[in-house]
Structure formats: structure tokens, C-alpha cells
Amino acid sequence: MGQKKNHPEPYAPKEIGRLIHDHRIKTGCVPVVFIDHLQRMPKDGAQSLGDRERLEQAVRDLNRIYVADGVPVIVLSELTREGQTKGSSSIDGEAGVTISLLLDGTDEQDREKREKAMKAYPRRIYAEIGKNRTGRTGGARLAFYGKTGYFEDNEQ
């Protein structure tokens, strides 16, 4: 039998709020919160809700953390094949900024081109700011170095 990986359980929004509070008391600094894979995040008191309602509740709870504490909350969410954020109406409605990261110069229809782009190092990425409540929207071409998680400008 394979060995189970020791990953921490994801935190629900109330627990994230408590951790932010503790961090601010200890350090005096405002943290930045990253949520990886929003769809898997546990939702406070939402066991009886359906998937969509649970997602909407989590987005509202995270938005409250941002509004109440001034803490930037960056949420990573996967895209559907059509390029829409899963649960997009609730995420887009509450988010202050949405940024989509796409393989540059590829589309879903051309599998060979997409596979070649996935193997490239660095990967060419197009970052599209689809919504920004307080600023501009637009896009930028980036080079992504996956081994170090580093992005740099790649305008050509």
C-alpha cells in the first residue's frame, strides 16, 4: 500500500480569519492570503448546501475578510474548457480583480500546439485582467519559469 502524503487539511473562511488575526497580533503586519483551488475549500456551516451555493458562500466569506481586515485575498480557481471560471458568476461578482493565465498562442482545438507549449521552458503565458474595480483591464505576455514559480515580462 502506498504511503499517504501528509498534506494539511484546507481551512474554512472563519479559520482563515482567525489565522489572520493571530498573525497581525504577532507581527503587526497585514498578510496576503492565497487560496489554492477554491472549489475544494471547506465552507463554514454549509454542509446542507449544493456545490454552487457552497462556492458562493465561500466567495462571500472571503470577500468579507478582505473588506473587514483589508487583507488581500488571492484565489486560484480552475477554468472550464470554455475558459470560464468554475462558479464564475459568484467569483466574478465578488472579486475586485480577475486575472486569467492562459498558454499564449494556443487554443483548446489544437492539441499538438498546446502540448508543445506545455513542454516549452519557459512557458509563454498570456495574463488577461478581465475585471478590475479600481483600475485598468488588459493583458500582458509573460514568461513563466515553472521550476522556480517566477514570471517575467515577455512582450514581443
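The values are calculated or read from the model by the stated rules, or taken from the named source; none is laboratory data. Owing to the predicted nature of the structure, the values given are computational and were not obtained by experimental measurement. Every residue, glycine as well, gets a Cβ built from its backbone with ideal geometry; the counts of neighbours run over all protein chains shown. The accessibility values were calculated without ligands, DNA or RNA, using every heavy atom of the protein model including side chains. Shrake-Rupley method; radii C 1.70, N 1.55, O 1.52, S 1.80 Å.
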Q.
Report every pair of residues separated by at least 6 positions or lying on different chains whose Cβ atoms are under 6 Å apart, first residue within region 112-134 and closer than 14 Å to Leu102 by Cα, second charged (D, E, K, R) and assigned to a loop (DSSP other than H, G, I, E, B).
A. Arg124/Asp104; Ile125/Asp104; Tyr126/Asp104
Q. Do any residues in region 8-23 that are modelled with pLDDT of 90 or more have Cβ atoms under 9 Å from those of residues that are acidic (Asp, Glu), where the two are at least six apart or on different chains, and which pairs are they?
A. Ile20/Asp69; His21/Asp69
Q) If you take the residues of region 24-48 that are open to solvent by 100 Å² or more (accessible area, probe 1.4 Å) and not in a loop (DSSP other than H, G, I, E, B), which of them is modelled with the highest pLDDT? A) Lys26
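Residue by residue, here is whether (1) among the hydrophobic types (A, V, I, L, M, F, W, C); (2) open to solvent by less than 80 Å² (accessible area, probe 1.4 Å); (3) modelled with pLDDT of 85 or more holds:
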residue	(1), (2), (3)
Gly87	no, yes, no
Ile91	yes, yes, no
Glu94	no, yes, no
Thr106	no, yes, no
Asp110	no, yes, no
Arg124	no, no, yes
Arg136	no, no, yes
Tyr145	no, yes, yes
